[in-house]
Amino acid sequence: MEACGFAAVVNVVLNYILIPYGGASAAAFTSGISAVVIFVWLFVKKDKRVKLNYIWEVCKGPLIGSLLIVLVCLALKCLNLGVFSTTLICIVCSVILYGLIQIFLRNPIVLELLHAIKNRKG
């Protein structure tokens, strides 16, 4: 919990500093930095009984997702659609991409949510 709170503060501060210069790409970059902050925090503070593969399992989704979101935002920036359009499309694509990554990596929380949605409809 502390790691996520600290990473959120880092993310907000970096967003405030970098978004004026880099726009959506900077926002994606700061999300990646926040994921790295969580990873480092968990690595340093981890219980010695916790294996490193557990930390990797926790952090691989945010790390991979953030990297791909940066790539999507950079690709959209090359299209020169305008600031509002690029930002909107980047947000929508990022949410969809991140959700697909979580499904692909078999995130138990996301899979449980999808199962609950499926059962509610049927």
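The values are calculated or read from the model by the stated rules, or taken from the named source; none is laboratory data. Keep in mind that what you see is a predicted model, and the values were worked out from it rather than measured. Cβ sites come from the backbone with ideal geometry, for glycine too, and all protein chains shown count toward neighbours. Surface areas here come from the heavy atoms of the whole protein model, side chains and all, with no ligands, DNA or RNA. Shrake-Rupley method; radii C 1.70, N 1.55, O 1.52, S 1.80 Å.
Points worth noting:
- Under the condition of being among the β-branched types (Val, Ile, Thr) and either crowded, with 16+ Cβ neighbours inside 10 Å or touching a Ser or Thr at 6+ places or on another chain (Cβ under 8 Å) (or both), the residues counted in region 1-18 number 1.
- Any hit, region 44-62, residues being at pLDDT 80 or above, of a type in the set (Val, Ile, Thr) and open to solvent by 50 Å² or more (accessible area, probe 1.4 Å): no
- Note on region 77-87: among residues that are more than 15 Å from Phe29 (Cα to Cα) and touching a residue at least 24 places away in the same chain (Cβ under 8 Å), the one that is least open to solvent (accessible area, probe 1.4 Å) is Thr86.
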